[in-house]
Amino acid sequence: SIVIFRLPDETNMLISNANILLSDNGIGVNNVLFFTDQENTDSHFSFSNTVIGGAAFWSLGGIEDGNIDSGNINISNAQGCVQLIAGEVDMDNVRFNNCAIPEPTTLCLLAAGGLALRRRRL
């Protein structure tokens, strides 16, 4: 099964000195997606001293005056395998090297999920 968590308006996910271990072999069919569609450019996801495995974090934002307003993702001192989608991703001292290449069906599933979430906002 696939699990999707949506961060409600004005809520940010801040993780420090903790691990999110959902898979040890990359992003696959049984993914967990954390996303927000807040229409601001805050740091919606921030990680410090973490190990992340098998999760995706999307900061999608909205469209205003023809501009996409998506937030930032900040990661410091992290390792594992993760998928990140945001207007800006800042990384410092990261080692994301445990990622297996997803199967084509997984890529299609992730793309379809992103389009469905995006269309819902428009």
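Testing the spin-label approximation: label points 7 Å from Cα along Cα→Cβ at ARG6 and ILE85. State their distance in nm.
Result for the modelled spin labels: 1.5 nm.
In whole Hz, what ³J(HN,Hα) sequence does region 36-44 give by Karplus (6.51, -1.76, 1.60; θ = phi - 60°), x for Gly and Pro?
Working through the residues one at a time gives 9, 10, 5, 9, 8, 10, 5, 7, 6 Hz.
Here, each number is a calculation from the coordinates, and none is a lab measurement. None of these values were measured; they are calculated from a predicted model. With ideal geometry, Cβ positions are generated from the backbone for all residues, glycine too; neighbour counts draw on all protein chains shown.
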